[in-house]
Amino acid sequence: MPKNLYLIALIPPENLRESVRQLKLEMKEQYNASHALKAPAHITLQMPFRREEDVELHLIETLQKFSSIIEPFEVKINGFDAFPPRVIFLKIVNHEPIVILHSNLNRLLEDKLEFTERELNLEIHPHLTIATRDLTKKMFHKAWPEFRERDFESSFSADRLHLLKHSGKEWEFFKEFDFGKSKR
């Protein structure tokens with residue numbers, strides 16, 4: 001049976017996604033780095049994983065139950081940071097609620113969905129990527145001095161979990177799960 005590729009993430013609202021997309025387009029046009037455009041702006045909670053189609057419903061139901069007990073929280077973004085020499089991203093300044101959510105999600109994935117330790121990303125550094133993988137070292141060293149000095153400030157309410165599914169070409173929105181105490 002074929003296995004689908006999934007990703008679990010927090011997705012910012014459309015206006016912030018568009019701002020991030022514009023930054024990604026700038027990275028493509030000025031620094032020849034387009035890989036980050038293959039996914040919408042997101043904060044990864046669970047790195048890509050494969051599951052057979054027949055467990056998809058169980059995955060959805062499990063994430064729905066999990067999300068129903070989570071309280072929304074504010075995500076604050078301030079400036080840029082990097083993982084030299086290939087990644088430039090928007091810096092999340094309040095990691096703690098995301099780290100707690102990630103830890104709880106890891107327990108759920110291991111206990112209810114039989115994720116192996118190898119599949120789980122045990123530590124995360126929350127961020128919104130604008131350039132990755134195809135940003136060459138040379139271009140990184142051109143781009144980073146500019147972005148390091150640039151201002152960018154925003155925030156959003158994290159009030160739902162997203163399950164993305166890979167189409168074979170790019171990541172697509174598949175399911176979203178409102179947090180239980182969400183005002184939406």
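Is there a residue being under 25 Å from Phe140 (Cβ atoms), touching a strand residue (DSSP E or B) at 6+ places or on another chain (Cβ under 6 Å), surrounded by 15 or more Cβ atoms within 10 Å (Cβ to Cβ) and not hydroxyl-bearing (Ser, Thr, Tyr) anywhere in segment 10-18?
yes
For segment 55-69, name all the residues that are over 10 Å from Leu161 (Cβ atoms) and out of contact with any Gly (no Cβ under 7 Å at 6 or more places or on another chain).
Val55, Glu56, Leu57, His58, Leu59, Ile60, Glu61, Thr62, Lys65
In this structure, is Val99 assigned to a helix (DSSP H, G or I), under 15 Å from the mean Cα position of the chain (by Cα) and at pLDDT 95 or above?
The answer is yes for Val99.
What is the residue count in segment 93-112 for residues that are over 24 Å from Arg50 (Cα atoms) and surrounded by 20 or more Cβ atoms within 10 Å (Cβ to Cβ)?
Qualifying residue count, segment 93-112: 0.
Just name the residue that is surrounded by the fewest Cβ atoms within 10 Å (Cβ to Cβ) out of those in segment 123-147 that are of a type in the set (A, V, I, L, M, F, W, C) and closer than 20 Å to Val93 by Cα.
Ile124
Take segment 71-89 and flag every residue that is of a type in the set (Lys, Arg) and without any contact (Cβ under 8 Å) to a residue 60 or more places away in the chain.
Arg86
Pick from segment 65-85 the residues that are in a loop (DSSP other than H, G, I, E, B) and either in contact with a Leu (Cβ under 6 Å, 6 or more places away or on another chain) or not β-branched (Val, Ile, Thr) (or both): which of them is surrounded by the fewest Cβ atoms within 10 Å (Cβ to Cβ)?
Residues of segment 65-85 that are in a loop (DSSP other than H, G, I, E, B), as a first pass: 68-72, 84-85.
In the following step, the residues that additionally are either in contact with a Leu (Cβ under 6 Å, 6 or more places away or on another chain) or not β-branched (Val, Ile, Thr) (or both) were identified as 68, 71-72, 84-85.
Working: Ser68: 13, Glu71: 12, Pro72: 17, Pro84: 10, Pro85: 13.
Among residues in segment 65-85 that are in a loop (DSSP other than H, G, I, E, B) and either in contact with a Leu (Cβ under 6 Å, 6 or more places away or on another chain) or not β-branched (Val, Ile, Thr) (or both), the one surrounded by the fewest Cβ atoms within 10 Å (Cβ to Cβ) is Pro84.
Just give me the residues in segment 148-184 being exposed (fewer than 12 other Cβ atoms within 10 Å of the Cβ), closer than 19 Å to Ile77 by Cβ and under 21 Å from the mean Cα position of the chain (by Cα), in sequence order.
Glu153, the sole residue that qualifies.
Does Leu120 satisfy the condition of being in contact with an Asp or Glu (Cβ under 7 Å, 6 or more places away or on another chain) and over 26 Å from Pro13 (Cβ atoms)?
yes
Based on what the data block shows, is Glu74 among the acidic types (Asp, Glu) and touching a Ser or Thr at 6+ places or on another chain (Cβ under 8 Å)?
yes
Can you pull out every residue in segment 38-60 that is part of a helix (DSSP H, G or I) and surrounded by fewer than 16 Cβ atoms within 10 Å (Cβ to Cβ)?
Selection gives Lys38, Glu53, Asp54, Val55, Leu57, His58, Ile60.
The values are calculated or read from the model by the stated rules, or taken from the named source; none is laboratory data. What you see is a predicted model; the values in this text were computed from it and never measured. For neighbour counting, all protein chains shown are included, and Cβ atoms are generated from backbone atoms with ideal geometry for every residue, glycine included.
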